[in-house]
Amino acid sequence: MLKNTIILAMPSYSDFATAIKNHLEYHDFKVTFIDGTPEKLKKNIDANFRYPSLKSHLIHTARKILLSDYSYKTHLKEQIYNQKLQENMQSILGSNFYDYTLVIRPDLFPLPALQLLKKHTKTKFIGYQWNGIKRFPKTIPTISLFDRFFVFDPMDLNNPEYSQYQLNGISNFYFDKHQPQAIPHSNSIAYFVGLHVDSRITTIEACANALIQNGVNLNFNIKFRPSEAYKATLYSCRQINAIPENITFEDNLQHINMADILIDIINPVHNGLSFRIFEALYYKKKLITNNTQIKNYDFYHPDNILIWNKTEDLQQITNFLAKPLVNINPDIIQKYSFENWIRNILNKPPFQPISII
C-alpha cells in the first residue's frame, strides 16, 4: 500500500519539528520537510550581502543621507531572502506533487513561497497557527491561500476581526509514538518548563512557593533569551532553574515520566491549551494550571486538575494532592493523540472530531 505523501513546512528552531516529522512517519506518511526558520538563511545573507547593482547602492545612499531612511537595504535583503528561500524549496520539491501540505506558523513564509507549496499539493493545503493570530499578525494575509486553516486559541476563533475568514478550531495534542514509562522515586516532583515572560514571574513564584510549602520537590526550568539572561535574578525562589537552551524533546519526556505533577502557566499572549495539558492527560499526571478554559473540556476532573487564578486558590494544593488520580475514559484520551489530531487536520477518517471551547 502506497503511503500518503505530505510536505511539512515549519520552523526548526527547536527539535519539535523533528518530533512532528517522526510522528508523521510513525503513522505511515512519507514526509518532505521544508524549514521555515528564517534566522539561518538571514544570517547567511547578512554575512555575504552585496548590493545587486550600483544603482541600488546609490538609491540606498541617497535615501539614507537625504531622508534618514535606512529601510532600503533591509528591503533588498528581504528580496534576496525570498528568492533564496524559494530556490531552496524548489530544489527540494523538484517536479513532485504531494498529497498534503501542512504549514505550521505560516507567518514565517512569504506569500510566493506559500503559493509554491500550494502548487505542489494535490489534495489539501493546510495551515495551522499555534501561537495566536494577534501575536503574529503576518498570518492574516496568508489565510485565504489555504484549503483549511486551523487555530488553537478560542479567542481567535471568536474574534469578530477575523469573521471574514474560514477558521477552524483545534487543540494541541500529545505525541503518541512514545509510551508513558513512570520512573520510580521517593518524593513528589512537580515539573515546569517555559520561556521567561515578565508578566509570569509572580505567578510562577506563587505556585513554586505553594508547592514547596507542601513538601513537593521542584523541577522548574525557565528558558531565557540571551538578551534577557540577566532577568534570572528577578526570581527569588532558589529552586527555579535558569536554562540557556531549550530542553530537548527526549529530555522533556524523561522529566515528564519522572514527575508526579505537571505545572502549566498560561502565556498571556494567547488562551489556547498548551502541550503540557495533554501530556498530563496521556502520562496520567496531576496538573496544576491557571488556564480556566480547561474546565470546559471533556477530560477535566477536579481530582486530576487544579485550576487557580488567584494566590488563595493554591491553598487547595494539600487536599488536591491527597486525592487519588481519577482514570479518564481511554476514548477521550485517544481523542487528543497526534494520530487523531492529524486525521482531523487532513479530514482523513476515521477520527474523533476535536473542537476548542
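The values are calculated or read from the model by the stated rules, or taken from the named source; none is laboratory data. Fair warning: this is a prediction, and the values are worked out from it, not measured in the lab. Here the Cβ positions follow ideal geometry from the backbone for every residue, glycine too, while neighbour counts run over all protein chains shown. For accessibility, only protein heavy atoms count, side chains too; no ligands or nucleic acids. Shrake-Rupley method; radii C 1.70, N 1.55, O 1.52, S 1.80 Å.
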Check each of the trypsin sites (Lys or Arg not before Pro) in segment 265-357 and keep only those in coil by DSSP with at most 10 other C-beta atoms within 10 angstrom; list them in order.
K310
Per the Kirkwood formula over distinct C-alpha pairs, the hydrodynamic radius of segment 159-258 in angstrom is 16.2 Å
Looking at segment 1-154, what % of the alpha carbon pairs are farther apart than 28 Å?
29 percent
Computed log₁₀ I(q)/I(0) - Debye formula, equal Cα scatterers, no solvent, segment 251-296, q 0.21, 0.23, 0.29 Å⁻¹
-0.68, -0.79, -1.11
What lysines could a cross-link reach from K55, if we take a straight Cα to Cα line under 17 Å and drop same-chain neighbours fewer than 8 places away?
K64, K73, K77
Across the Cα atoms of segment 203-317, what radius of gyration and what greatest pairwise Cα-Cα distance (Dmax) are found, in Å?
14.3, 41
Quick one: pull the percent of accessible area on the chain belonging to carbon and sulfur, 1.4 Å probe, ligands and nucleic acids left out.
51 percent
Long-range HN-HN contacts of L306 with modeled amide H, under 5 Å:
L287, I288, T289
Would you mind pulling out the separation of the Cα centroids of segment 231-294 and segment 157-179, in Å?
20 Å
For the chain, what are Rg and Dmax over the alpha carbons, in angstrom?
22.8, 74
Taking the alpha carbon gyration tensor of segment 143-213, what are the square roots of 5 times its eigenvalues, largest first, to the nearest whole Å?
36, 21, 9
What is the dipole size for segment 268-357, taken about its Cα centre, with +1 at each Lys and Arg Cβ and -1 at each Asp and Glu Cβ, in debye to the nearest 20?
140 debye
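Segment 94-172: percent of C-alpha pairs farther apart than 21 Å?
So the portion of pairs separated by more than 21 Å is 24 percent.
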Please calculate how many Å² of accessible area the chain carries per residue, with a 1.4 Å probe and no DNA, RNA or ligand atoms counted.
50 Å²
Suppose we take every Cα in segment 38-94 and form the convex hull; what volume per residue is that in Å³?
80 Å³
Over the Cα atoms of segment 110-229, what is the Rg over Rh ratio if Rh follows Kirkwood?
1.10
Out of N96, I126, F149 - ranked by how far each Cα lies towards the positive end of the dipole of the chain, with unit charges on the beta-carbon of charged residues - the top one is N96
Quick calc, the chain, dipole around Cα centre from Cβ unit charges on Lys, Arg (+) and Asp, Glu (-), nearest 20 debye, gives 1100 debye
Once the dipole of the chain is set up from charges on Cβ (+1 Lys and Arg, -1 Asp and Glu), the residue from the list S236, S71, I247 lying farthest towards its positive end is S71
